[in-house]
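Working notes for the structure below.
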Amino acid sequence: MWKSTADDKTVPTFRAREARRSKRVATRKGASVVVNLGSLPQRVPCLIVDRSPEGFRLRGSFRLKRGQIVEVIPSDELGSIRCSVVWVGKPGSKQEGEVGLHAL
């Protein structure tokens, strides 16, 4: 679906159902997220709320920014998954303390 703006630029618009490519699976499993703060990586515990082949939704006490690159280490897997932060839950909202990650 396309929408015209006041500048006559055509931009894509997506509905939530059109944008999602795969089904999310609720997991509630422990994990760690590795965040590079300056030159020192920091490993922070978190909870995987749900996951899909494209990424994760995590809950934890960390401060991440949209576009930041992190690594997720699920407790039941040996390796880590490199991800980009797609969204961060706003304080006071239902998603407070949660982040959405896209696997790279």
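The values are calculated or read from the model by the stated rules, or taken from the named source; none is laboratory data. A quick note: this is a predicted structure, and the numbers were derived from the prediction, not measured. Quick reminder, even Gly has a Cβ in these numbers, built from the backbone with ideal geometry, and neighbours come from all protein chains shown.
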* Can you spot a residue in the stretch 85-93 that is in contact (Cβ under 8 Å) with a residue 12 or more places away in the chain, small (Gly, Ala, Ser), part of a loop (DSSP other than H, G, I, E, B) and loosely packed, with under 11 Cβ neighbours inside 10 Å? -> no
* **Those residues of the stretch 52-67 which are modelled with pLDDT of 90 or more and surrounded by 13 or more Cβ atoms within 10 Å (Cβ to Cβ), in sequence order** => Ser52, Glu54, Gly55, Phe56, Arg57, Leu58, Arg59, Gly60, Leu64
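Select from the stretch 6-42 the residues that are of a type in the set (Ser, Thr, Tyr) and part of a strand (DSSP E or B) and write down the one among them that is modelled with the lowest pLDDT.
Start the filter on the stretch 6-42 by keeping residues that are of a type in the set (Ser, Thr, Tyr), which leaves 10, 13, 22, 27, 32, 39.
Pick out the ones that are also part of a strand (DSSP E or B) and you get 10, 27, 32.
Numbers: Thr10: 53, Thr27: 79, Ser32: 94.
Of everything passing the filter in the stretch 6-42, Thr10 is modelled with the lowest pLDDT.
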